[in-house]
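Report on the structure given below.
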Amino acid sequence: KEKLQEIYDEVKDQDSGHVATYIPDLAKADPSLFAISVCDLGGEVHNVGCVEEPFSIQSCCKPMLYMLALDECGAASVS
């Protein structure tokens, strides 16, 4: 939990980049809101930041989908 808080504190004030306006849900996003949630191998969930705020998972799912594709099809098929 301490390491997660340390990472959060280190990056929370970064404000480079822009909100993606070509996706309506993302265009409405408040860029000042930020949170990190991690579920460990034991099933315990660790949260820091604005975790009670609703948000769109538009691009957040891409790494998970890539991981599932790698697991299901193998690296040679996915690359």
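What the table below lists for this structure:
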read-out: Residues that are within 21 Å of Glu10 (Cα to Cα), open to solvent by 70 Å² or more (accessible area, probe 1.4 Å) and in a loop (DSSP other than H, G, I, E, B), drawn from region 35-58; value: Glu52, Glu53
read-out: Scope region 12-52; condition small (Gly, Ala, Ser), touching a strand residue (DSSP E or B) at 6+ places or on another chain (Cβ under 8 Å) and more than 13 Å from Lys1 (Cα to Cα); matching residues; value: Ala35
read-out: Those residues of region 59-79 which are exposed (fewer than 10 other Cβ atoms within 10 Å of the Cβ), among the hydroxyl-bearing types (Ser, Thr, Tyr) and part of a helix (DSSP H, G or I), in sequence order; value: Ser77
read-out: Residues satisfying the stated conditions in region 12-34, i.e. surrounded by 10 or more Cβ atoms within 10 Å (Cβ to Cβ) and either among the aliphatic types (A, V, I, L, M) or not in a loop (DSSP other than H, G, I, E, B) (or both); value: Val19, Ala20, Ile23, Asp25, Leu26, Ala27, Ala29, Leu33
read-out: Candidate set from region 5-24 (those that are over 28 Å from Val45 (Cα atoms) and touching a helix residue (DSSP H, G or I) at 6+ places or on another chain (Cβ under 8 Å)); member that is modelled with the lowest pLDDT; value: Ala20
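The values are calculated or read from the model by the stated rules, or taken from the named source; none is laboratory data. Keep in mind that what you see is a predicted model, and the values were worked out from it rather than measured. Note that each Cβ is placed from the backbone with ideal geometry, even for glycine, and that neighbours are counted across all protein chains shown. Quick note on the areas: whole protein, heavy atoms, side chains included, nothing else; ligands and nucleic acids left out. Shrake-Rupley method; radii C 1.70, N 1.55, O 1.52, S 1.80 Å.
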